[in-house]
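Chemist: Let me give you the structure first, and then I'll get to my questions.
Only the coordinates and a few stated rules stand behind these numbers; no lab work does. This structure is a prediction, so every number in the text was calculated from the model and none was measured. Note: ideal-geometry Cβ built from the backbone for every residue, glycine included; neighbour counts use all protein chains shown.
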Amino acid sequence: MRQLARIDVLVLDDWGLDSGLTDRQRRDLLEVLDDRYATRATVVTSQLPVEHWHEALGDPTLAEAILDRLVHNAYRIKLKGKSMRKNLAEELGLPAKPTETDRPSETESRKNIDD
């Protein structure tokens, strides 16, 4: 925990996508953010809108404390437009999302692994 508190820039990528934090994980996160508050940079990326972060964290009391430390002095940059993956796929002429027919079946996948 102390190492995370001392890193100059901590990046929390895809924040909120895995909302299954345990009570211990929430408390650890709070401890790290508390140690970093106003002394180190924390960058958060998320596809989850900020207004849903509280709910994603679960415990209302810990969520309030965690978000207070994250959002209080934050600079918010909201990006608009297509994702870079979609843009790149279009430039390369690839489908943006694989269709069911593009995906190998479970049997084909297992066969390739076993070969």
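Chemist: For the pair residue 27/residue 67, report the inter-label distance in nm, with labels modelled 7 Å from Cα in the Cβ direction.
Modeler: Calculated label separation equals 2.2 nm.
Chemist: On to the next question. ³J(HN,Hα) across segment 32-44 via Karplus (A = 6.51, B = -1.76, C = 1.60, θ = phi - 60°), whole Hz, x for Gly/Pro?
Modeler: 4, 5, 5, 5, 8, 3, 6, 10, 9, 8, 10, 9, 10
Chemist: Separate question: Obtain the nm distance between the two label points defined at residue 75 and residue 50 by a simple spin-label model: each point lies 7 Å from its Cα along the Cα-to-C-beta direction.
Modeler: 1.4 nm
Chemist: Another question, if that's okay. Taking Cα atoms of segment 25-83, Rg/Rh with Kirkwood Rh, to two decimals? The partial results should precede the final answer.
Modeler: Details: Rg = 12.2 Å, Rh = 12.5 Å.
On the Cα set of segment 25-83, Rg over Rh gives 0.98.
Chemist: Which of 32, 58, 9 sits farthest toward the positive end of the charge dipole of segment 1-93, with +1 on the Cβ of Lys and Arg and -1 on the Cβ of Asp and Glu?
Modeler: Of the candidates, 9 comes out farthest on the positive side.
Chemist: Near residue 45, within a Cβ-to-Cβ distance under 9 Å, what is the net charge of the other residues, with Lys and Arg +1 and Asp and Glu -1? Could the numbers behind the result be given before it?
Modeler: On the way: positive: none; negative: 13, 14.
Around residue 45, the surrounding residues sum to -2.
Chemist: Still on this structure, I have one more. Counting only residues 5 or more places away or on other chains, whose amide H sits under 5 Å from the amide H of residue 40 once H atoms are built in the peptide plane?
Modeler: Hits under the 5 Å cutoff: none.
Chemist: Another question about this same structure. Treat every Asp and Glu Cβ in segment 2-80 as -1 and every Lys and Arg Cβ as +1, leave all other atoms uncharged, and give the resulting dipole magnitude about the Cα centre to the nearest 20 debye.
Modeler: Values: 11 positive and 14 negative charges, 68 e Å.
For this selection, approximately 320 debye.
Chemist: Okay, next question. How much net charge surrounds residue 11 when only the other residues with a Cβ under 13 Å from the Cβ of residue 11 are counted, with Lys and Arg +1 and Asp and Glu -1?
Modeler: Numbers: positive: 36, 40; negative: 8, 13, 14.
Summing Lys/Arg as +1 and Asp/Glu as -1 gives -1.
Chemist: Mind checking the full-extension length gain between residue 1 and residue 92? Use 0.36 nm per residue of separation minus the Cα-Cα distance, one decimal, nm.
Modeler: Between residue 1 and residue 92, full extension yields 28.5 nm more.
Chemist: Taking H as built 1.01 Å from N, whose amide H comes closer than 5 Å to the amide H of residue 59, not counting residues under 5 places away?
Modeler: Sorted by chain and number, the residues that satisfy this come to none at all.
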